[in-house]
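Enquirer: Okay, here's the structure, questions in a sec.
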Amino acid sequence: MAGIGLAAGRLKSYSQGMSASLEDIASDALQLPKDQRLTLAHRILASLEPGPDAGAEAAWDGEIRERIRKYDAGATSGIPGSIVFEDLDKKLKK
């Protein structure tokens with residue numbers, strides 16, 4: 001992926017043999033507007049995250065479906081959001 005350097009108002013490609021140093025890339029990145037720096041930071045951090053675990057996602061999908069089934073069947077009831085947030089506020093203030 002090609003990057004655009006902003007150091008002297010000139011275009012600079014980082015994909016050509018990766019000759020740019022980390023300092024050059026960081027220097028250029030720090031000159032980006034705040035919103036673009038946040039997007040870049042998010043992309044870099046996301047690239048370090050492990051991929052989705054299909055088994056975990058399937059387990060959560062099953063759990064969600066079972067909870068909805070129980071709720072729809074009247075086997076369980078919901079808790080009003082105001083109570084949930086009140087309880088959460090109490091726990092966080094401890």
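The values are calculated or read from the model by the stated rules, or taken from the named source; none is laboratory data. Note that the structure is a prediction, hence the values are computed from the model and not measured. Here the Cβ is made from the backbone with ideal geometry for all residues, glycine too, and neighbour counts use every protein chain on show.
Enquirer: Hey, any hits in region 40-52 for a residue that's outside any helix (DSSP H, G or I), modelled with pLDDT under 90 and surrounded by 10 or more Cβ atoms within 10 Å (Cβ to Cβ)?
Expert: Checking region 40-52: not a single residue is outside any helix (DSSP H, G or I), modelled with pLDDT under 90 and surrounded by 10 or more Cβ atoms within 10 Å (Cβ to Cβ).
Enquirer: Please name all residue pairs, on different chains or six or more residues apart, with Cβ atoms under 8 Å, provided the first residue is in region 53-79 and is in a helix (DSSP H, G or I) and the second residue is modelled with pLDDT under 95 and of a type outside the set (Phe, Trp, Tyr).
Expert: Every condition considered, the pairs that remain are Arg67/Thr76; Lys70/Thr76; Tyr71/Ser77; Tyr71/Gly78.
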